[in-house]
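Peer 1: Below is one structure. I have some questions about it.
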Amino acid sequence: GTPRAVEQARLLGHDAERIHATSGMIIRPEFYQPITVDRAEERSRLGLDPKRPTGLVLFGGHGSKAMLGIAERLAASTQLILLCGHNKALAARLRQLPQSAPRRVVEFTTDITYYMRLADFFIGKPGPGSISEAVQQGLPVIVVDNAWTMPQERYNAEWVRENGLGVVHGSYRTIDRAVTRLLARLDDFRASVGRIDNQALFEVPEILGRILAHASAPPASHDNMYRL
């Protein structure tokens with residue numbers, strides 16, 4: 001749901017009345033719920049430092065081996081929550097890595113919002129769902145855009161740049177520099193994230209309602225057609 005998507009639809013020849021703009025993509029309702037957790041208390045309960053900046057690392061429901069490199073490069077400097085999804089082997093390897101900064105490794109969970117609310121920023125691939133969820137939770141993002149980025153995800157990294165929502169690097173090998181840069185401007189990035197107002201969850205039903213109302217409207221009578 002971006003002005004760029006609207007322009008692409010126009011360039012493809014779609015009529016204006018068939019283009020319905022939204023302010024983002026649909027995400028689950030729980031991402032709109034107020035933040036109610038005590039961050040300091042919950043971080044302590046998970047073995048994390050309540051006062052230390054915390055990154056949430058997420059690569060979908062099965063994780064990614066890229067998370068190993070991220071954890072290794074940030075082991076001495078950055079507190080992390082790593083969500084591994086169904087990948088138990090990845091979770092086990094992450095738990096075995098040496099560390100100086102606190103780290104919490106989590107296997108499959110349906111409570112992504114809980115962990116996002118304990119974090120200060122997001123690290124992951126430029127997938128539209130995870131970026132939209134992170135931004136909705138007020139998290140600046142760190143993503144990578146390179147030759148291995150899927151074509152349908154490349155504009156997402158550009159969207160992050162255009163809107164000042166975080167840091168885009170060409171490789172996770174420079175993740176330590178990306179985190180340093182983000183933390184140096186964390187308040188600025190948070191302000192930019194706060195200006196994104198994704199209401200697609202509520203806009204799409206209204207759009208569908210208008211489409212259905214138009215489709216069910218009675219056609220013009222033959223008499224009227226002949227008079228025209």
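Bear in mind these aren't lab numbers, they're just calculated from the coordinates by the rules spelled out. If you're wondering where the values come from, they're calculated on a predicted model, not measured in any experiment. When we count neighbours, we look across all protein chains shown, and the Cβ atoms used for this are built from the backbone with ideal geometry, even at glycine.
Peer 1: So the check is Cβ under 8 Å with 6+ separation or different chains; which pairs have a first residue in region 104-117 that's farther than 15 Å from PRO50 by Cα and a second one that's assigned to a strand (DSSP E or B)?
Peer 2: Sorted first by the residue in region 104-117, then by its partner, the pairs are VAL105/LEU82; VAL106/ILE81; VAL106/LEU82; VAL106/LEU83; THR109/LEU83; ILE112/LEU58; ILE112/LEU83.
Peer 1: Using beta carbons and a limit of 7 Å, which pairs, at least six apart or on different chains, have the first residue in region 23-50 and more than 21 Å from ALA101 (Cβ to Cβ) and the second one of a type in the set (Lys, Arg)?
Peer 2: The qualifying pairs are ILE35/ARG117; VAL37/ARG117.
Peer 1: Surrounded by 14 or more Cβ atoms within 10 Å (Cβ to Cβ) and closer than 19 Å to LEU182 by Cβ: does that describe ILE123? Walk me through it before giving the result.
Peer 2: Details: surrounded by 14 or more Cβ atoms within 10 Å (Cβ to Cβ): yes; closer than 19 Å to LEU182 by Cβ: yes.
Yes.
Peer 1: Which of the residues spanning region 187-198 are surrounded by 15 or more Cβ atoms within 10 Å (Cβ to Cβ) and part of a helix (DSSP H, G or I)? Walk me through how you get there before you give the answer.
Peer 2: Filtering region 187-198 down to residues surrounded by 15 or more Cβ atoms within 10 Å (Cβ to Cβ) leaves 189-190, 192-193, 196, 198.
Residues satisfying the conditions are PHE189, ARG190, SER192, VAL193.
Peer 1: Separate question: Of the residues in region 136-148, how many are in a loop (DSSP other than H, G, I, E, B), in contact with a strand residue (DSSP E or B) (Cβ under 9 Å, 6 or more places away or on another chain) and over 17 Å from MET25 (Cα atoms)?
Peer 2: Looking only at region 136-148, we keep the residues that are in a loop (DSSP other than H, G, I, E, B), and these are 137-140, 145-148.
Subset that is in contact with a strand residue (DSSP E or B) (Cβ under 9 Å, 6 or more places away or on another chain): 137, 139-140, 145-146.
Among the residues that remain, those that are also over 17 Å from MET25 (Cα atoms) are: 140, 145-146.
Residues that pass the stated criteria total 3.
Peer 1: So, one more: Going residue by residue through region 130-149, is there one that turns out to be within 17 Å of ARG45 (Cα to Cα), in contact (Cβ under 8 Å) with a residue 24 or more places away in the chain and charged (D, E, K, R)? Quick ask: steps written out before the conclusion?
Peer 2: Filtering region 130-149 down to residues within 17 Å of ARG45 (Cα to Cα) leaves none.
Within region 130-149, none of the residues are within 17 Å of ARG45 (Cα to Cα), in contact (Cβ under 8 Å) with a residue 24 or more places away in the chain and charged (D, E, K, R).
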